[in-house]
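**Q** Could you have a look at this structure, given as structure tokens, before my questions?
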Amino acid sequence: MKILVTGGTVFVSRFTAKYFAEKGHEVFVLNRGTREQTDGVTLIKADRHALGDCIRNTRFDAVLDICAYTECDVRDLLNAIGGCDDYILISSSAVYPETLEQPFRESQPVGENSVWGAYGTNKIAAEKYLLKHNPRAYILRPPYLYGPMQNLYREPFMFDCAEANRKIYIPKDGKMKLQFFHVEDLCKVMEQILLTHPQQHIFNVGNEEITDINEFANICCEAVGTKAEKVYVPAEYNQRDYFSFHDYSYTLDVSEMKKLLPIQKDLLEGLKESYAWYKEHREEVRKKPFFQYIDENLTNL
């Protein structure tokens, strides 16, 4: 297949480009060419908002739109592209208002989420524009994505704690639910959609098994080869100052996705893969000053 991947240089888009290129597809990546490119792909060096005619005469079998965050992102690409048989947009679970009954289901209405703010509402606008102008398109709504090439300081922060034998400062009682999805499993779902063209066009995607902060800390440390030593932090401290996830517990119903991907990657296995990559690419992760805040504010707890 001739596949266009938006981005192709950071985390999900980079992993996606590599995954489909290694499957033997002809992969094109659309980015500004300011970073190292993935082996085995063809670069279309351009800004998606100023494409002109550079892809006007090219028809793709599939567009995997990893980097669209707004209606404008989708509109400009659709207006510039010569055509495509399939279009898959990576949206977000942030499109569900936190007031809805959980686990969130695809049939529930989308709307503003106070935790995610404009990020969620912009994703909603992108979804609506895409389906209005391409009703055959597919939309995937993941929870927290993880795995090799992770550039956000989420599981890498936990790895740093484990390597340094630092205590892990856990928000409240550590029972806040977390749902993850390995980036390779995301690619497998996209692959199945391209192969089978299911009748449903919007899918929640994620691990069927849900964890919590306590268990996530344990598994991250196990992936490194240590055991987690925890300190529980009272609610009056801002969780985002010392911990790598928002103070927001939610779950997705992924029963429809399971028809495409019945078995998801085990979280420990996936975190081991993420850690192996991180050890060789630490400089690619955007770190936050969690340790500084902990050392200055929490060590007496």
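The values are calculated or read from the model by the stated rules, or taken from the named source; none is laboratory data. Computed from a prediction, not measured in an experiment: that's the story for all the values here. Here the Cβ positions follow ideal geometry from the backbone for every residue, glycine too, while neighbour counts run over all protein chains shown. Keep in mind that these areas ignore ligands, DNA and RNA; they rest on the heavy atoms of the full protein, side chains included. Shrake-Rupley method; radii C 1.70, N 1.55, O 1.52, S 1.80 Å.
**Q** Between a residue in segment 1-27 that is surrounded by fewer than 21 Cβ atoms within 10 Å (Cβ to Cβ) and any residue that is aromatic (F, W, Y), which pairs come within a Cβ distance under 6 Å, given they are 6 or more apart or on different chains?
**A** Filtered contacts from segment 1-27: K2/F60.
**Q** Test V63 against the stated conditions and say whether it is out of contact with any Lys or Arg (no Cβ under 9 Å at 6 or more places or on another chain), among the aliphatic types (A, V, I, L, M) and within 30 Å of E208 (Cβ to Cβ).
**A** yes
**Q** Somewhere in segment 73-90, is a residue modelled with pLDDT of 95 or more, in a loop (DSSP other than H, G, I, E, B), of a type outside the set (A, V, I, L, M) and on the phi < 0 side of the Ramachandran plot?
**A** no
**Q** Only one of these is open to solvent by 30 Å² or more (accessible area, probe 1.4 Å), within 26 Å of P262 (Cα to Cα) and either without any contact (Cβ under 8 Å) to a residue 40 or more places away in the chain or outside any strand (DSSP E or B) (or both): E127, E191. Name it.
**A** E191
**Q** Still on this structure, please answer the following. Hey, can you tell me all the residues within segment 281-301 that are in a helix (DSSP H, G or I) and hydroxyl-bearing (S, T, Y)? Outline the logic, then answer.
**A** Filtering segment 281-301 for residues in a helix (DSSP H, G or I) gives 282-284, 290-297.
Hit for segment 281-301 is Y293, nothing else.
**Q** Could you go through segment 243-252 and let me know if any residue there is in contact (Cβ under 8 Å) with a residue 60 or more places away in the chain and over 19 Å from the mean Cα position of the chain (by Cα). First the steps, then the outcome.
**A** Taking segment 243-252 first, the residues in contact (Cβ under 8 Å) with a residue 60 or more places away in the chain are 243-252.
Subset that is over 19 Å from the mean Cα position of the chain (by Cα): none.
No.
**Q** Still on this structure, please answer the following. In segment 37-70, which residues are open to solvent by less than 30 Å² (accessible area, probe 1.4 Å), in a strand (DSSP E or B) and among the hydrophobic types (A, V, I, L, M, F, W, C)?
**A** I44, F60, A62, V63, L64 - these are the residues of segment 37-70 that are open to solvent by less than 30 Å² (accessible area, probe 1.4 Å), in a strand (DSSP E or B) and among the hydrophobic types (A, V, I, L, M, F, W, C).
Table: residues versus (1) of a type in the set (S, T, Y); (2) in contact with a helix residue (DSSP H, G or I) (Cβ under 8 Å, 6 or more places away or on another chain); (3) closer than 21 Å to L145 by Cβ.
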| residue | (1), (2), (3) |
| --- | --- |
| V12 | no, yes, yes |
| K18 | no, no, yes |
| F28 | no, no, no |
| R32 | no, no, no |
| G40 | no, yes, no |
| K45 | no, no, no |
| L51 | no, yes, no |
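**Q** So, one more: Could you list all residues from segment 35-91 that are in contact (Cβ under 8 Å) with a residue 60 or more places away in the chain, of a type outside the set (D, E) and closer than 20 Å to E191 by Cα?
**A** Answer for segment 35-91, where residues must be in contact (Cβ under 8 Å) with a residue 60 or more places away in the chain, of a type outside the set (D, E) and closer than 20 Å to E191 by Cα: A62, V63, L64, I66, C67, A68, C84, I88, I90.
**Q** Check segment 265-280 and report whether any residue there is open to solvent by 70 Å² or more (accessible area, probe 1.4 Å), in contact (Cβ under 8 Å) with a residue 12 or more places away in the chain and part of a loop (DSSP other than H, G, I, E, B).
**A** no
**Q** Determine whether I139 is in contact with a His (Cβ under 7 Å, 6 or more places away or on another chain), under 29 Å from F180 (Cα atoms) and not in a loop (DSSP other than H, G, I, E, B). Before the answer, list the steps.
**A** Numbers: in contact with a His (Cβ under 7 Å, 6 or more places away or on another chain): yes; under 29 Å from F180 (Cα atoms): yes; not in a loop (DSSP other than H, G, I, E, B): yes.
So I139 fits the description; yes.
**Q** For segment 1-36, which positions are more than 14 Å from I88 (Cβ to Cβ), assigned to a loop (DSSP other than H, G, I, E, B) and not basic (K, R)?
**A** Matches in segment 1-36: G8, T9, V10, G24, G33, T34, E36.
**Q** Pairs only if they're at least six apart or on different chains, beta carbon under 7 angstrom, first in segment 209-235 and under 20 Å from D295 (Cβ atoms), second at pLDDT below 95 and open to solvent by 50 Å² or more (accessible area, probe 1.4 Å); list them, first residue then second.
**A** What qualifies is V231/L301; V233/L301.
**Q** Ok, one more. Among the listed residues I219, I210, which satisfies the condition of being surrounded by 14 or more Cβ atoms within 10 Å (Cβ to Cβ), at pLDDT 95 or above and touching a Ser or Thr at 6+ places or on another chain (Cβ under 6 Å)?
**A** Answer to the selection: I210.
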